[in-house]
Amino acid sequence: MTQDNKQTPISQNTDEGRVFIFDTTLRDGEQSPGASMTMEEKLQIAEMLDAMGVDIIEAGFPIASNGDFESVQQVALLVKNAQVCALARAGKKDIDRAGDALRKAHAPRIHTFISTSPVHMKYKLKMEAQDVLEMVASSVTHARHYTDNVEWSPEDATRTDKDFLCAVVETAIKAGATTINIPDTVGYTTPQEYHQIITMLRERVPNIDKVILATHCHNDLGLAVANSLAGVAAGARQIECTINGIGERAGNAALEEVVMALNVRQDIMPQWTGIKTQMLAPASKLVSAVTAFPVQYNKAIVGQNAFAHESGIHQDGMLKHNQTYEIMTPESVGISKSSLVMGKHSGRHAFREKISELGYRLGDNQVKDAFVRFKDLADRKKHIFDDDIIALVDDEFAKGGDSIRLVSLSVVSGTEEAQRAHLVLEIDGVQSEVESIGDGPVDALFTAIKTLFPHEAVLQLYKVAAVTQGTDAQAEVSVRLSENGKSVIGRGADTDTMVASARAYISALNKLVIKRQRQAPDSMSA
């Protein structure tokens, strides 16, 4: 390929811009410590990868075990669209085993490799450079007995002498390799350096324009995705990656990240893939469930927080226009919608929007009061769920126009002394306080309320329930009071059960006061 051709703009309608996605979740991904998969689980993942539009599925390393051999066989039988690839070292036994496993694949590929860096050749292979060159030629030639679709990799390519790297790549192409993969096996390189390596190979190796150049980048320095994209910018047209970036040590380039980077940044990276991006989130969930490897909350594209916004400034922007803080839609990766996460950084605009979304219509003063309580709750509680807000707003509704208001409460309980409650109430605008003793903290609390607001109502129900999970969950308390044949239910919510109990009892009392006021005209006219 000439230098002029390299500078020609790439169109999505040209083959030159097509980037093939080679998924190695079932092979390199399974090499993550603790990530072993059953046959059924591998087939489940393979089926999803095939449906998603992955071009090549590396199904396993057949020589490694009978289980791996059978997995490759079964994936080869299952997959209808993608090429199915098996990994093999440079020895004939490895390649024969891979060839046997792929016999029934509709589009088989053998991927063979040998180390080429000085440190690997000296300490791992204990071989001279010339011996390695001969192994490259013989392994690729042997693999072609099984298929014309042969991929070859120089393991630890980014720490390989540049002249020797050119020599081994040239040898592999002469022997018939159709894909040349340049692995950053130990995650050592940087984007600029990796771009230079791919560029050097394209400029120095004869007939390299007749093969597809591939990237296989590990994430030891957190640069796997960046290095892969740098390789594409330099002319590579296959990216080797895994779902959720799982793999040896710090993992591989994450499939969902490289795909969406190419998808979103068409202005500077006009290459394209055949991936159905709406399946990215479901694929991520499946691999996470199968491997029991949780996806970090802030993981790009598929993490729980990838489309979640808590900051008040961000929430306000999102409510005005989602592109203020989102560069892609959640739907484009298979997530139903963005979420405004309610927390201590949330603003009044988002809070009002949330309570509206939950079906409430509050006046300005009610919103103001509820928002103050929400911020107080958010300072005490790590996760705010919709049910927390529902409980809080219900509580706010219940106290509209209240005659009685809780000002402060402290409760002492335990085994060493009598339980007592110190309570301050505001009744018709006047504050009163009392300390009461009771048979338990709830009894002491309710006695204190009755002391400050005498009444003849009978407690018929006292019920406590956790609104959400966790030790910091809000308690929602329900209290039913009955007086003169009239029953009312009051509810209160708080992370402190005693405070929730006080709110619930006071809520019920306020309803009784309202009932008395409504009954008064009737009794006067009777």
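The values are calculated or read from the model by the stated rules, or taken from the named source; none is laboratory data. Keep in mind it's a predicted model, so treat the numbers as computed, not measured. We place every Cβ from the backbone using ideal geometry, glycine too, and count neighbours over all the protein chains shown.
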task = Go through the stretch 85-113 and count every residue that is closer than 19 Å to MET135 by Cα and either assigned to a helix (DSSP H, G or I) or not assigned by TED's automatic domain parsing to the domain that holds SER138 (or both).
result = 8
task = Go through the residues of the stretch 182-205 one by one and say whether even a single one is surrounded by 22 or more Cβ atoms within 10 Å (Cβ to Cβ) and more than 37 Å from the chain's Cα centre (by Cα).
result = no
remark   = Residue set THR171, THR199, THR158; condition within 15 Å of ALA234 (Cβ to Cβ), in contact with an Asp or Glu (Cβ under 9 Å, 6 or more places away or on another chain) and part of a helix (DSSP H, G or I); output residue THR158
message = Take ALA76 and tell me if it is part of a helix (DSSP H, G or I), touching a Pro at 6+ places or on another chain (Cβ under 9 Å), of a type in the set (Gly, Ala, Ser) and modelled with pLDDT of 95 or more.
response = yes
task = Any residue in the stretch 49-62 that's in the same structural domain as MET37 (by TED's automatic domain parsing): show its pairings with residues that are hydroxyl-bearing (Ser, Thr, Tyr) and part of a helix (DSSP H, G or I) at Cβ separation under 7 Å, as long as the two are six or more apart or on different chains.
result = ALA59/SER71; GLY60/SER71
query = Counting just the residues of the stretch 42-56 that are touching a Lys or Arg at 6+ places or on another chain (Cβ under 9 Å) and among the aliphatic types (A, V, I, L, M), which one comes out farthest from ILE275 (Cα to Cα)?
reply = ILE56
message = Given the condition closer than 22 Å to ALA214 by Cα and not in a loop (DSSP other than H, G, I, E, B), answer yes or no: does some residue in the stretch 31-41 qualify?
response = yes
remark   = The condition from (1) modelled with pLDDT of 80 or more; (2) assigned to a strand (DSSP E or B) that VAL442 misses is numbered (2)
request  = Inspect all residues belonging to the stretch 481-494 and state whether any of them is surrounded by fewer than 17 Cβ atoms within 10 Å (Cβ to Cβ), modelled with pLDDT under 90 and assigned to a loop (DSSP other than H, G, I, E, B).
outcome  = yes
task = Taking the options ASP163, ASP148, name whichever one is among the acidic types (Asp, Glu), surrounded by fewer than 22 Cβ atoms within 10 Å (Cβ to Cβ), in the same structural domain as SER117 (by TED's automatic domain parsing) and part of a helix (DSSP H, G or I).
result = ASP163
ask   = Pick from ILE355, ILE390: which is in a helix (DSSP H, G or I), modelled with pLDDT under 70 and under 22 Å from ALA466 (Cβ atoms)?
value = ILE390
message = Please determine whether any residue of the stretch 236-243 is surrounded by fewer than 22 Cβ atoms within 10 Å (Cβ to Cβ), assigned to a loop (DSSP other than H, G, I, E, B) and out of contact with any His (no Cβ under 6 Å at 6 or more places or on another chain).
response = yes
